[in-house]
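Here the structure is laid out as structure tokens; the discussion comes afterwards.
The values are calculated or read from the model by the stated rules, or taken from the named source; none is laboratory data. This structure is a prediction, so every number in the text was calculated from the model and none was measured. Neighbour counts run over all protein chains shown; Cβ positions are idealised from the backbone, glycine included.
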Amino acid sequence: MGFIFFFGILSGTIIIIILGSIWLCTSYSAKKKGLVNGATRRELEQIQRDISQLRTAIAELKEQIADLNIMTRNSL
């Protein structure tokens, strides 16, 4: 009975050490790549800026198309 108890504690300790090492390596790798808290927020802010620029470009294109439409109607 004592051997099974000792083997259970030893196995549990080894599993905890292995899983802890994997977790530490994974979190370090993610941090090194920049995948930390706030990275998603920065990416979201960049996407929102890109969308804003696209909306501005679309509005300018609509104005140019309207001007082109007016010029073509006048030339007919």
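Does at least one position in the range 20-34 carry a residue that is modelled with pLDDT of 90 or more and not β-branched (Val, Ile, Thr)? So far as the range 20-34 goes, no, none of its residues is modelled with pLDDT of 90 or more and not β-branched (Val, Ile, Thr). At pLDDT 90 or above and surrounded by 10 or more Cβ atoms within 10 Å (Cβ to Cβ): which single residue out of Thr56, Thr13, Thr40 fits that description? Of the residues listed, the single one that is at pLDDT 90 or above and surrounded by 10 or more Cβ atoms within 10 Å (Cβ to Cβ) is Thr56.
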